[in-house]
Amino acid sequence: MMTKIETVGIVSPGDMGSAVGQLLRNHGLRVVTALDGRSARTKALAEQVGLEDVGTLSNLAGVADIVLSILVPAEAVMAAQQMAAALSENAATLLYADCNAIAPQTVRQIETMITKTGARFVDASIIGPPPRTAGATRFYAAGPAVADFVGLGAFGLEIIALGDQSGQASALKMCYAALTKGLTALGTELLVAAEALGVGPALALELQGSQPLLLDLFKRQLPGMPPKARRWVGEMEEIAQTFAQVGLTPQILAGAADIYRFVG
């Protein structure tokens, strides 16, 4: 039986979460969040877009039909543990969507925590920026309850269902981010090395002549990367784990994590 969607919970309303919440609210849904213990910045972002603060995760579990977990990867498991405790307290049967950039094996760990409480679970991933421009942001989703999550497509989200196997949406995100953020890490390393070796201007001229598309990409991506670098460390580590799970080297993306740690 599919869930009727009236109230969506957001954990947590950072840059992405607040924008998703605002979009859903603009399309007629009640959007709630739990701000007890959150930072002043997070509280301000939630207030700016009109999200309703219900205080605690327990309260959120008691009123939401669907909860979207949108956090930095390093916090995904802890958030799920806290949410599982809140779900148990409320005997809630809501749908919990993990929308974080985490490895498929991490997704399955979280799925076990959530479904043990009687709640349902969907594996989701986000590709693109915070959804402030139509068509720029896509949610991929997978798992046994994917049909319920697809219902959010009626409220402004672009959702692409991949099937009923949890981990597929996160696997796609891991492979995609390995390209986009992995390439940004590589560009950062080689350009810093070129400067340290005294060949920065010569390399720039060579790239302009032989690799103009890559040079344009670096010019677009690198200037805005440093404030995000710390948040991307965990994502690169999750990609490394994903690749190791299928017998590939984790070292390339572990190195990307090192670059973002260095920049941070």
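The values are calculated or read from the model by the stated rules, or taken from the named source; none is laboratory data. What you see is a predicted model, and the numbers here were worked out from it, not measured in a lab. Virtual Cβ from ideal backbone geometry, glycine too; neighbours counted across all protein chains shown. The area values use the complete protein model at the heavy-atom level, side chains included, leaving out ligands, DNA and RNA. Shrake-Rupley method; radii C 1.70, N 1.55, O 1.52, S 1.80 Å.
If you scan segment 26-42, which residues turn out to be surrounded by fewer than 17 Cβ atoms within 10 Å (Cβ to Cβ) and part of a helix (DSSP H, G or I)? Correct list: Asn26, Ala40, Arg41.
On the basis of being within 25 Å of Ala91 (Cβ to Cβ), touching a residue at least 60 places away in the same chain (Cβ under 8 Å) and of a type outside the set (Lys, Arg), does Leu68 make the cut?
On the way: within 25 Å of Ala91 (Cβ to Cβ): yes; touching a residue at least 60 places away in the same chain (Cβ under 8 Å): yes; of a type outside the set (Lys, Arg): yes.
When the stated conditions are applied, Leu68 passes them.
Give me the residue from segment 132-144 that is surrounded by 24 or more Cβ atoms within 10 Å (Cβ to Cβ) and of a type in the set (A, V, I, L, M, F, W, C) and, out of that set, nearest to the chain's Cα centre (by Cα). Step through it out loud before you land on a result.
We begin by selecting, within segment 132-144, every residue surrounded by 24 or more Cβ atoms within 10 Å (Cβ to Cβ); these are 139, 141-143.
If we keep only those that are of a type in the set (A, V, I, L, M, F, W, C) as well, we get 139, 141-142.
Values: Phe139: 10, Ala141: 12, Ala142: 15 Å.
For segment 132-144, the residue satisfying everything is Phe139.
Could you tell me which of the residues Leu45, Leu87, Leu23 is modelled with pLDDT of 95 or more, in contact with a helix residue (DSSP H, G or I) (Cβ under 9 Å, 6 or more places away or on another chain) and either open to solvent by less than 70 Å² (accessible area, probe 1.4 Å) or over 17 Å from Ala141 (Cβ atoms) (or both)?
On the way: Leu45 fails: modelled with pLDDT of 95 or more; Leu87 fails: modelled with pLDDT of 95 or more.
The unique qualifying residue is Leu23.
When Thr184 is tested against (1) part of a helix (DSSP H, G or I); (2) exposed (fewer than 14 other Cβ atoms within 10 Å of the Cβ), only condition (2) is not met. Listed by first and then second residue, the pairs linking a residue in segment 240-255 that is closer than 15 Å to Pro104 by Cα to a residue that is open to solvent by less than 40 Å² (accessible area, probe 1.4 Å) and among the small types (Gly, Ala, Ser), with Cβ atoms under 6 Å apart and 6 or more places separating them unless they lie on different chains, are Ala240/Ala254; Gln241/Ala103; Thr242/Ala103; Pro250/Ala240.
Residue-by-condition table, conditions (1) touching a strand residue (DSSP E or B) at 6+ places or on another chain (Cβ under 7 Å); (2) of a type in the set (Asp, Glu):
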{"residue": "Glu111", "(1), (2)": "yes, yes"}
{"residue": "Arg120", "(1), (2)": "yes, no"}
{"residue": "Pro129", "(1), (2)": "no, no"}
{"residue": "Leu152", "(1), (2)": "yes, no"}
{"residue": "Glu158", "(1), (2)": "yes, yes"}
{"residue": "Leu183", "(1), (2)": "no, no"}
{"residue": "Asp216", "(1), (2)": "no, yes"}
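Checking each residue in segment 90-131 for being open to solvent by 50 Å² or more (accessible area, probe 1.4 Å) and over 22 Å from Gly234 (Cβ atoms) picks out Asn90, Ala91, Thr93, Thr115, Lys116, Arg120.
It is to be established whether one or more residues within segment 192-207 are within 22 Å of Leu71 (Cβ to Cβ) and either of a type in the set (Val, Ile, Thr) or out of contact with any helix residue (DSSP H, G or I) (no Cβ under 8 Å at 6 or more places or on another chain) (or both).
Taking segment 192-207 first, the residues within 22 Å of Leu71 (Cβ to Cβ) are none.
Within segment 192-207 (the criterion being within 22 Å of Leu71 (Cβ to Cβ) and either of a type in the set (Val, Ile, Thr) or out of contact with any helix residue (DSSP H, G or I) (no Cβ under 8 Å at 6 or more places or on another chain) (or both)), the answer is no, since none of the residues qualifies.
The single condition among (1) over 20 Å from Phe149 (Cα atoms); (2) in contact with a Leu (Cβ under 7 Å, 6 or more places away or on another chain) that Ala61 does not meet is (1). So which residues in segment 145-181 are over 23 Å from Gln251 (Cβ atoms), touching a helix residue (DSSP H, G or I) at 6+ places or on another chain (Cβ under 9 Å), not small (Gly, Ala, Ser) and not in a strand (DSSP E or B)? Val146, Leu152, Phe155, Leu157, Asp164, Gln168 - these are the residues of segment 145-181 that are over 23 Å from Gln251 (Cβ atoms), touching a helix residue (DSSP H, G or I) at 6+ places or on another chain (Cβ under 9 Å), not small (Gly, Ala, Ser) and not in a strand (DSSP E or B).
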